[in-house]
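Shown next, in structure tokens, is the structure this report addresses.
The values are calculated or read from the model by the stated rules, or taken from the named source; none is laboratory data. Bear in mind the structure is a predicted one, so any value in this text is a computation, not a measurement. Cβ atoms come from the backbone with ideal geometry, glycine included; neighbour counts cover every protein chain shown. Just the protein is used for accessible areas: all its heavy atoms, side chains included, with ligands, DNA and RNA removed. Shrake-Rupley method; radii C 1.70, N 1.55, O 1.52, S 1.80 Å.
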Amino acid sequence: MYPRSFHYHRAGSLKEAVSILGQLGEGAKFLAGGQSLIPLLKLRFASPEHLVDLNFIPGTSFIKEESGALHFGAMTRHAEIEHSALARKIPVLHDCAAGIADVQVRNRGTIGGSLAEADPSGDWANALITLDATVRCLGPDGTRAIPLRDFIKDAYTTAKIPPRGSGGAYLAFKRSAPVYPSASAAVQLTMAGDVCEDAAIALGCVGLTAIRATEAETALRGKNLNDKTISTAAEAARAASDPQPDMRGSAEYKRQLVVALVKRATQIAARRAHGERVEGAHLYA
Ligand SMILES: Cc1cc2nc3c(=O)[nH]c(=O)nc-3n(C[C@H](O)[C@H](O)[C@H](O)COP(=O)(O)OP(=O)(O)OC[C@H]3O[C@@H](n4cnc5c(N)ncnc54)[C@H](O)[C@@H]3O)c2cc1C
């Protein structure tokens, strides 16, 4: 079958590609190697109105070693990685690239396209997760580095700019301005009316690393946001924290801070998700 007709745009730079996509909106898609997208177009499982071709952007296909890390341009073909002496130093990369489909697919398909497609059967995400890879993304507001684990959200779904109806807040409790916080909480919500569709909650300074309070997130997801559900989430966040006593306070004092910060940050995040402009300043002793 032939694809439905579409408008073709050739981007000359990454910035231009981002800008064209921003102007054209949901009806537009990037075209990289076309090894996932073109079959979908031909089957008419996807029918974008516009394709923005990335293949003519200089400097997007490279493999380089810098500061002890390997960097791949998004448009680097599977075959280039297969034959790269640098990539061969990390056998999992060579094994992965060399095993993807056949020569034709490897000569066209790109590492960036494979990760962006987030096909659950795709090889790259699986191999790169073992190396704790990070994906650098360019958007209208600049670049973001997203750990691959967080970049792939679900089958065929990658991390995005927070959707409409999202709001977040980050609050810390500090003894004074020039010192590190005693505890902090970051809350990001997506709301549909009073219902919390999605929640991400992270706690700082109350463990040896930042803590993702997944039970607290579960306590909010799919629920009506009210004092009761927010309190349940805050208590789950307290249980997820593992603070050490130090000059900033006892462990129990920090757990109490977690409860207060998560409650307050959740309330602010919800109001922001509803479009209110709310100041959310850090709290000081
Ligand atoms: C016959 C066949 C067999 C295959 N077998 C395997 C296999 O064994 N293992 C495997 O892993 N894969 C396999 N593939 C898929 C192949 O690896 C693809 O190359 C890859 O999935 C997508 O890369 P692409 O460059 O072709 O992307 P495209 O098909 O051009 O794009 C895929 C998607 O990603 C988006 N996209 C592309 N690049 C970017 C970017 N830089 N930024 C943001 N979005 C972007 C596009 O808009 C599109 O939605 C096979 C494909 C075919 C046709």
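Summed over the stretch 34-46, the residues that are open to solvent by less than 40 Å² (accessible area, probe 1.4 Å) and among the polar types (S, T, N, Q) give a count of 0. For the stretch 146-168, a tally of residues being open to solvent by less than 40 Å² (accessible area, probe 1.4 Å) and touching a residue at least 24 places away in the same chain (Cβ under 8 Å) returns 7. Looking at the stretch 13-22, can you tell me whether even one residue there is within 12 Å of the ligand (Cβ to nearest atom), out of contact with any Phe, Trp or Tyr (no Cβ under 8 Å at 6 or more places or on another chain) and charged (D, E, K, R)? Looking for residues that are within 12 Å of the ligand (Cβ to nearest atom), out of contact with any Phe, Trp or Tyr (no Cβ under 8 Å at 6 or more places or on another chain) and charged (D, E, K, R), one finds none in the stretch 13-22, hence no.
Summed over the stretch 98-113, the residues that are more than 6 Å from the ligand (Cβ to nearest atom) and either aromatic (Phe, Trp, Tyr) or within 24 Å of the chain's Cα centre (by Cα) (or both) give a count of 1. Of all residues in the stretch 205-234, those that are in contact (Cβ under 8 Å) with a residue 40 or more places away in the chain and under 18 Å from residue 166 (Cβ atoms) have Cβ atoms under 9 Å from Cβ atoms of residues that are among the acidic types (Asp, Glu) and open to solvent by 20 Å² or more (accessible area, probe 1.4 Å), 6 or more apart or on another chain, in 216/235; 220/198; 225/194. Checked against the criterion of being touching a Pro at 6+ places or on another chain (Cβ under 6 Å), open to solvent by 80 Å² or more (accessible area, probe 1.4 Å) and polar (S, T, N, Q), the candidates 143, 130, 134 yield just one match: 134. Here residue 49 passes the criteria (1) open to solvent by 50 Å² or more (accessible area, probe 1.4 Å); (2) touching a residue at least 24 places away in the same chain (Cβ under 8 Å); (3) within 11 Å of the ligand (Cβ to nearest atom) except the one numbered (3). Among the residues making up the stretch 115-127, a single one is open to solvent by 30 Å² or more (accessible area, probe 1.4 Å) and closer than 15 Å to residue 73 by Cα: 116.
For the structure I just gave you, tell me whether residue 182 is over 28 Å from residue 29 (Cβ atoms), touching a residue at least 12 places away in the same chain (Cβ under 8 Å) and in contact with a Phe, Trp or Tyr (Cβ under 6 Å, 6 or more places away or on another chain). Taking the combined requirement at face value, the residue satisfies it.
Is it the case that some residue within the stretch 53-73 is near the ligand (Cβ under 8 Å from one of its atoms), at pLDDT 95 or above and open to solvent by 10 Å² or more (accessible area, probe 1.4 Å)? There is at least one residue in the stretch 53-73 that is near the ligand (Cβ under 8 Å from one of its atoms), at pLDDT 95 or above and open to solvent by 10 Å² or more (accessible area, probe 1.4 Å). Taken over the stretch 209-259, residues that are among the β-branched types (Val, Ile, Thr), open to solvent by less than 50 Å² (accessible area, probe 1.4 Å) and more than 19 Å from residue 182 (Cβ to Cβ) amount to 2. Going by the structure shown, is residue 30 outside any helix (DSSP H, G or I) and more than 12 Å from the ligand (Cβ to nearest atom)? No; evaluated as a whole, the condition is false for this residue. Sub-6 Å Cβ pairs linking a first residue in the stretch 101-124 that is basic (Lys, Arg) to a second residue that is open to solvent by 30 Å² or more (accessible area, probe 1.4 Å) and near the ligand (Cβ under 7 Å from one of its atoms), at least 6 apart or interchain, are 108/35, ordered by first then second residue.
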